[in-house]
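The values are calculated or read from the model by the stated rules, or taken from the named source; none is laboratory data. Everything numeric in this text was worked out from a predicted model, so none of it was measured. Virtual Cβ from ideal backbone geometry, glycine too; neighbours counted across all protein chains shown. Quick note on the areas: whole protein, heavy atoms, side chains included, nothing else; ligands and nucleic acids left out. Shrake-Rupley method; radii C 1.70, N 1.55, O 1.52, S 1.80 Å.
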Amino acid sequence: MKTGSMKSCELLLSCGLALVFACEPATLSENGVLAVFGSKGVKSSQFNYPRAIAAEIGGSVFVVDKSGRVQRFSPHGQFETEWRLEDTTRGYPVGLAVHPDGRIFVADTHNHRVLVFNRDGQVLTSFGSEGTGEGEFQLPTDVAFDSRGFLYVAEYHLNDRITKWSPEFQFVSIFGDQEIDGRRLSRPSGVAVDADDTLWVADSCNHRLVRFDPQGRVLATFGEFGSEPGQLRYPYDVAISPDQTILVCEYEGARLQWFSKDGRSLRTWGRHGRAVGELFAPWGATYGAKGQVFVVDSLNSRVQILQP
């Protein structure tokens, strides 16, 4: 092989999956996957059933898996650091959120609390305890923040509700615990707050989204069980796009779906499978600093990155 050809090959190799953004824009599948990282296992850069993902403003991405381990990656999927939760004897976390100030909030589901870390894994504090009363949790699933610093925590099992907390982690209120359009919340799995401080809840076992104002008043619901555009199959996560459209990750539907704020389906992405560009039980999705979407492809033990 000529020297020039070898250099060209070396350049192409440097544009591997984790470094694809450093080169000219390219896709790995016909539906626009830019990169893939992770594989099945317990080593660094491997996953044991990844179940939640969140990105910080600066660009790093955090993933928590069923081993109770949080891993931090660069925006290109390069491993940076990891840490494990100290107590996983009762079960494993399913929710993860990054505060605008950089703190990492983990819904420590089966310990009925929320843990707060710095970005390097040092525990800063925790709040909540097991129970059904004010300031207590039953299997918290996710955390979101509004523009004034208030926190919203989704929980299921005996509660199936949202609790609101002050920036100082003082309990404020409970909402979503009454019937909404004839049905109570049933395993609210993902929460997100848009630029208007509207709270969006992925009401997963009701196959719908529910919108609340900051006081807990219901603004709207939409969605029903099914696989057509506008329908949902176990929505497990919700995220707000840079243009304020609503991104929903469908666990059983094996796809992402974008909605307008009034509930119109804008488009879908993905299908069930093992190949790049396909999904198997995706648990969560988030937006990166440059507008790319990271989706936790849970039973494929990987994260796929796409540019909407």
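Worth a mention:
- Among the residues here, Glu130 qualifies as over 28 Å from Glu56 (Cβ atoms), open to solvent by 10 Å² or more (accessible area, probe 1.4 Å) and not β-branched (Val, Ile, Thr).
- The single condition among (1) without any contact (Cβ under 8 Å) to a residue 60 or more places away in the chain; (2) assigned to a loop (DSSP other than H, G, I, E, B) that Lys261 does not meet is (1).
- In the set Gly291, Gly277, only one residue is among the small types (Gly, Ala, Ser), open to solvent by 10 Å² or more (accessible area, probe 1.4 Å) and assigned to a loop (DSSP other than H, G, I, E, B); that residue is Gly291.
- Test result for Phe127, within 16 Å of the chain's Cα centre (by Cα) and not aliphatic (A, V, I, L, M): no
- Restricted to strands (runs of 3 or more DSSP E) entirely inside the range 198-238, those with at least 2 residues that are touching a Lys or Arg at 6+ places or on another chain (Cβ under 6 Å) are 218-222.
- In the set Ser44, Ser67, Ser39, only one residue is at pLDDT below 95 and small (Gly, Ala, Ser); that residue is Ser67.
- Whichever residue in the range 133-156 is outside any strand (DSSP E or B) and open to solvent by less than 60 Å² (accessible area, probe 1.4 Å) and, among such residues, is farthest from Arg69 (Cα to Cα): Gly133
- Note on the range 157-185: residues that are on the phi < 0 side of the Ramachandran plot, in a loop (DSSP other than H, G, I, E, B) and open to solvent by 40 Å² or more (accessible area, probe 1.4 Å) amount to 8.
- Counting only strands (runs of 3 or more DSSP E) that fall entirely inside the range 44-122 and contain at least 1 residues that are over 14 Å from the mean Cα position of the chain (by Cα) and surrounded by 15 or more Cβ atoms within 10 Å (Cβ to Cβ), the qualifying elements are 69-73, 79-84, 104-108, 113-117.
- Criterion violated by Pro282 - all others in (1) open to solvent by 10 Å² or more (accessible area, probe 1.4 Å); (2) not in a strand (DSSP E or B); (3) not aromatic (Phe, Trp, Tyr) satisfied: (1)
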